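Structure first, commentary second.
Please treat every number below as a calculation from the coordinates, not as lab data. Predicted model, so just to flag it, every value in this text is computed and none were measured. Cβ: placed from backbone, ideal geometry, glycine included. Neighbour counts: every protein chain shown.
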Amino acid sequence: MKFIQENILQDASDDSLIRKYKSTGELDYLAALYQRYMGLVYGVCLKYFDEESSKDAVMLIFEELIQKLKQHEVQNFKSWLHVLTRNHCLMKIRSAKNKESLVITGHPVMESGEIQHHENGNNLEDNLQAMEKCLETLPVEQKESVNLFYLQEKSYREIVSITGYEMNKVKSYIQNGKRNLKNCMDKQHGQ
């Protein structure tokens, strides 16, 4: 009987598993969903941490997911999980900077075509500070949309509801804001 249930869970769509998890609260549904993307989560974590810290982060993100998935309306689980994972890693790095308790393999905060290697966590903190400065240079709509989407993990619909902007405008503000942040960060690194 357990075998049949496992096959049903494997064949179910992401949206179906999310709905079942939200309605029943049973972790089997969430575990089946998360298992599909554990490789993605682990890969993202490896960009920021060593192997052991990445394995720990994969487990912590699952625990975080138990609550966050109930709170958010998720349109595309894979993309949402990627953002959640990246934000989790960045928050750990930021708190580790203060505590100096994690081994960090320095990678840039913003995604770019070239991989930059940093000597230590100080450069990562510099990147975070540069990103915060660059965020302040964005037009209000872009800054607000980027902040809500990436830092507060709000969905497009939630951002529309909070800001009153049209859906297409929100998507545009996020896309343009991300591009402008990247350009600003590139300029900061060029100085």
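Structural remarks
- Estimated FRET transfer efficiency when R0 is 25 angstrom, pair LEU128-LYS187 (beta carbons, to 0.05): 0.95
- Amide proton proximity set for PHE49, modelled H, under 5 Å, gap of 5+: THR105
- Residues SER53, SER23, SER145 arranged by fewest to most Cβ contacts within 10 Å: SER23, SER53, SER145
- Both numbers refer to the Cα atoms of the range 122-191; Rg and Dmax are 12.7, 40 Å.
- Around GLU63: net Lys/Arg minus Asp/Glu count, Cβ-Cβ under 14 Å: +2
- Fully extended contour minus Cα-Cα distance, from PHE62 to SER161, at 0.36 nm per residue: 32.9 nm
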